[in-house]
Amino acid sequence: MAARNPRKLIAGNWKMNGSRNSLAMVEALRAGAGAGGVGADLLVCPPATLIAPVAQALAGSAIAVGGQDCHALASGAYTGDLSAEMLAEAGATHVIVGHSERREHHGETDAMVRDKMRGAWRAGLVAIACVGETKAQREAGEALAVVGAQVKALLESDVGGANTAIAYEPVWAIGTGLTPTVADVAEVHRLIRATIAQAVGPETAAGVRLLYGGSVKPGNAAELMAADDVDGALVGGASLVADDFLAIARAC
């Protein structure tokens, strides 16, 4: 099996937060990352209105910028939607697809998320595809079956480390302060890796970074990032504070 990427990816999902005033935090993030001690790749995903100014503020740094969603098609009569090509033109290199909040509030299905992944690849973006079980599914012992089915539905022959990351975010842990045990995270990530390997081969699967998301904080980051098959984190609230986001990155 090919070696996994030695650098973890710490991605910040700002969700529907931030304004032009947030550029001061971006400058602090840039300065803190430039000061050293960060052994991970950094990515920030602000609201679409801020992608261009954030990309401009981070130009020349090692911090990448991503979107939080994209339409599957390159253009069309889809009022309010943004294509992956539009995100790329604004300065994005990555895009989150299939976040549980999109699935819940916008009715997104696995098939829709798969199509968005294809759209991201078409535009040259790295797709960060989210999967995860609800609290009821976890308590019913269905977590592995649910996540496994979600991952299988997303897999294409084009999946690889250069264009795809998978973020495991148990729905019940997002923004709640609750986190699964490190053993539970490792078990799910192991399943995801094995599922990818079945579809595209172990060598390709080894290159796909698997992120954990769900109440990741400076206090629990080191333990979570040390778990088997965890290649980084998708961070929510803590990504809005430069010191917290950098502390999570340094915990790697």
statement: Whole-percent tail of the Cα-Cα distance distribution for segment 1-77, cut at 15 Å, equals 60 percent
statement: Per residue convex hull volume, Cα only, segment 11-129, in Å³ is 104 Å³
message: Let me see the P(r) profile for segment 127-252: every Cα-Cα distance counted, bins of 10 Å, each bin given as a percent of all pairs.
response: 14, 46, 32, 8
query: Given labels modelled 7 Å from the Cα in the Cβ direction, how far is it in nm from Asp228 to Ala197?
result: 1.0 nm
- prompt: Could you put Asp184, Asp229 in order, starting from the residue whose Cβ has the fewest other Cβ atoms within 10 Å?
  reply: Asp184, Asp229
field: Zero-based 10 Å bins, Cα pair distances in the chain, whole percents
entry: 8, 34, 39, 18, 2
- line: Cα-Cα longer than 20 Å, checked against Lys8/Lys152; Lys15/Lys217; Lys116/Lys152; Lys8/Lys135, kept in input order, equals Lys8/Lys152; Lys8/Lys135
statement: Plugging the Cβ-Cβ distance of Ala74 and Ser157 into 1/(1 + (r/R0)^6) at R0 = 25 Å yields, to the nearest 0.05, a FRET efficiency of 0.75
field: Ranked list, fewest to most other Cβ atoms within 10 Å of each Cβ, for Val182, Val131
entry: Val182, Val131
query: Which of Leu234, Leu178, Leu210 moves most in a GNM of the chain, Cα contacts under 10 Å?
result: Leu178
statement: Listed residues Ala90, Ala149, Ala24; largest mean-square fluctuation, Gaussian network over the chain with Cα springs below 10 Å, found at Ala24
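Rule-based calculations on the coordinates, nothing more; no lab input. Just so it is clear, the structure is predicted and the values come from calculations on it, not from any experiment. With ideal geometry, Cβ positions are generated from the backbone for all residues, glycine too; neighbour counts draw on all protein chains shown.
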